[in-house]
Amino acid sequence: MVWRTARRLDEALAGRALACSDFRVPRFATTDLTGRTVAGTVSRGKHLLTRVDGGLTVHTHLRMDGSWRIRPAGGYLPRDHRIRLVLGNDVQQALGYLLGIVEVLPTQNEERVVGHLGPDLLGPDWDAAEAVRRLQADPGRPVGEALLDQRNLAGIGNLYQAETLFLRGVSPWRPIGTVDGLPDVVDLARRLLDANKERVGQVTTGNVAPGRETWVHGRARRPCRRCGTPIRKASLGTAPEQRITFWCPRCQPG
Ligand SMILES: [Zn+2]
């Protein structure tokens with residue numbers, strides 16, 4: 001999860017001067033941040049912002065396949081063509097693999113890359129009422145699609161969208177304007193994200209065995225854990241990113 005990735009980067013890099021700065025993307029191939037101290041890394045929705053002294057921010061995004069790996073400093077840098085960015089100090093190195101976005105911008109311009117985001121479900125300034133207001137602004141939109149739109153609220157991916165709607169018994173196709181208790185849906189999504197933010201690639205939702213299973217996500221054609229009906233899977237919306245939902249047609253009617 002992006003929140004946890006931000007914290008790992010923060011722990012590895014914050015408070016120390018960069019001894020290694022290797023941008024392997026054409027636009028920033030000559031950028032060198034060596035010698036600058038890292039102030040910290042925060043997540044905003046699915047974006048990562050690593051701030052360094054001198055008023056610069058390294059903006060990265062994992063998209064579908066990206067990841068960061070932390071390792072002890074020293075040794076040679078791998079030639080792996082999947083690496084897009086290496087930032088390191090005398091103690092640790094962070095290797096960014098297959099990052100969807102790598103760019104450097106003035107910290108004061110961060111709004112340009114994250115200003116469009118709705119309230120961040122795991123952010124310090126989470127605003128549930130504002131998130132609900134944005135969601136309701138387009139009442140005919142399928143709720144599953146609206147929850148994934150980071151302009152409404154930032155932080156829900158395919159997995160938590162599907163799990164949240166299953167647990168609330170709401171079909172992802174229902175127009176959001178007809179969803180009763182939308183604030184409860186949003187609150188549940190936030191609690192699921194918060195409860196799982198420390199986890200690596202695992203999820204706990206409701207009464208499913210901790211850390212191992214989901215209710216519907218990734219379970220197409222397998223029997224619903226509640227009613228046995230085969231779980232369905234379909235694409236959602238037309239966003240540039242891959243949007244997929246899973247649902248039980250019986251537990252989540254209409
Ligand atoms: Zn079911």
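The values are calculated or read from the model by the stated rules, or taken from the named source; none is laboratory data. No experiment lies behind these values; they were computed from the predicted model shown. Cβ atoms come from the backbone with ideal geometry, glycine included; neighbour counts cover every protein chain shown. These area figures cover heavy atoms from the full protein model, side chains too; ligands, DNA and RNA do not enter into them. Shrake-Rupley method; radii C 1.70, N 1.55, O 1.52, S 1.80 Å.
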(message) Using only Cα atoms and rounding to the nearest 10 degrees, what angle (0 to 90) does helix 182-196 make with the longest principal axis of the chain?
(response) 50
(request) Compute the long axis of helix 2-13 from its Cα atoms, compare it with the longest principal axis of the Cα atoms of the chain, and write down the angle in degrees, 0 to 90, nearest 10. (result) 20
(message) Given the options Trp215, Thr164, Ala154, identify the residue whose Cα lies farthest towards the positive end of the charge dipole of the chain (+1 on Cβ of Lys, Arg; -1 on Cβ of Asp, Glu).
(response) Trp215
(request) Would you mind telling me the share, in percent, of accessible area of region 22-174 contributed by carbon and sulfur at probe 1.4 angstrom? (result) 49
(message) I'm a student and want to see the number: the projected area of the Cα convex hull of region 88-193, averaged over all directions, in nm².
(response) 8.7
(message) Taking 8 Å as the Cα distance limit and 6 or more residues as the minimum spacing, I'd like the relative contact order of the chain as a percentage.
(response) 15
(request) Keeping every protein chain in place, order Tyr76, Tyr97 by accessible area at 1.4 Å, biggest value first, i.e. largest first. (result) Tyr76, Tyr97
(request) Given the options Pro139, Pro223, Pro26, state which has the largest fluctuation in a GNM of the chain using a 10 Å cut-off (strictly under) for Cα springs. (result) Pro26
(message) I'd like the Karplus ³J(HN,Hα) series for region 76-82: coefficients 6.51, -1.76, 1.60, θ = phi - 60°, whole numbers in Hz, and an x wherever there's a Gly or Pro.
(response) 7, 7, x, 8, 2, 5, 7
(message) Taking the Cα centre as origin and putting +1 on Lys and Arg beta-carbons and -1 on Asp and Glu beta-carbons, what dipole magnitude results for the chain, to the nearest 20 debye?
(response) 1080
(request) Please state, as a whole number in µm²/s, the translational diffusion coefficient that the Stokes-Einstein equation yields for the chain at 4 °C and 1.567 mPa s, with Rh defined as the Kirkwood radius across alpha carbon pairs. (result) 67
(message) Can you give me the accessible area per residue for the chain, using a 1.4 Å probe, in Å²?
(response) 48
(request) Report the percentage of all Cα-Cα pairs in region 113-167 whose separation exceeds 20 Å, rounded to a whole percent. (result) 17
